[in-house]
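The values are calculated or read from the model by the stated rules, or taken from the named source; none is laboratory data. Source: prediction; values computed, not measured. Cβ: placed from backbone, ideal geometry, glycine included. Neighbour counts: every protein chain shown.
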Amino acid sequence: MTEEHEIQKKIQVAVSQRNCTIFRANVGKIFLSDGGYFDTGLPKGFPDLFGFRWCDHHIFFIEVKSKTGKPSEEQVRFHEFLQSHQIIHGLARSEKDALLIVEGGLIGYGY
């Protein structure tokens with residue numbers, strides 16, 4: 001399992017324990033036996049995790065990166081879109097970062 005995936009799992013547990021619902025966005029393409037591909041349908045750059053706070057029902061998005069990971073161009077564009085609509089979101093490298101984003105209602109943390 002990659003370091004990023006381990007961080008993602010820890011974030012899911014930590015955030016779900018703070019009166020929030022959180023989901024993992026499974027993205028990518030799957031090769032089919034007929035030679036084609038199945039695409040999950042989420043837009044390129046969609047963050048790894050998303051959910052909502054129970055207290056006010058505000059939605060949040062979290063892009064998970066390792067200590068040295070950098071967002072792709074598509075992820076930066078998605079960040080800019082969320083930023084323009086004042087949506088809670090950020091880039092998290094740890095559970096602490098994720099909780100700062102979600103509980104603090106931060107917009108664009110870590111980008």
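Miscellaneous remarks
- Qualifying residue in the stretch 55-70 (condition: under 14 Å from Tyr111 (Cα atoms), over 11 Å from the mean Cα position of the chain (by Cα) and free of Cβ contacts under 8 Å to residues at least 24 places away in the same chain): yes
- Once the stretch 101-111 is narrowed to residues that are closer than 24 Å to Asn26 by Cβ and β-branched (Val, Ile, Thr), the residue that is surrounded by the fewest Cβ atoms within 10 Å (Cβ to Cβ) is Ile101.
- Within the stretch 47-100, being in contact with a Lys or Arg (Cβ under 9 Å, 6 or more places away or on another chain), in a strand (DSSP E or B) and crowded, with 16+ Cβ neighbours inside 10 Å holds for Leu49, Phe50, Arg53, Phe60, Val64, Ile88, Leu91, Ala92.
- Scanning the stretch 75-109 for residues that are more than 21 Å from Cys55 (Cα to Cα) and in contact (Cβ under 8 Å) with a residue 40 or more places away in the chain, we see that the one that is nearest to the chain's Cα centre (by Cα) is Ala92.
- Flag if Ile22 is at pLDDT below 95 and not in a loop (DSSP other than H, G, I, E, B): no
- Scan the stretch 1-43 for residues that are closer than 15 Å to Val64 by Cα and surrounded by 10 or more Cβ atoms within 10 Å (Cβ to Cβ) and the total you get is 18.
- Qualifying residue in the stretch 26-38 (condition: farther than 17 Å from Leu106 by Cα, modelled with pLDDT of 95 or more and touching a Leu at 6+ places or on another chain (Cβ under 7 Å)): no
- Check on Gln8, touching an Asp or Glu at 6+ places or on another chain (Cβ under 8 Å) and assigned to a helix (DSSP H, G or I): yes
- Cross-chain or 6+ apart pairs with Cβ under 8 Å, the stretch 4-28 first and of a type in the set (Lys, Arg), then surrounded by 12 or more Cβ atoms within 10 Å (Cβ to Cβ) and in a helix (DSSP H, G or I): Lys10/Glu95; Arg18/Leu99; Arg18/Val102; Arg18/Glu103; Arg24/Gln8; Arg24/Gln12
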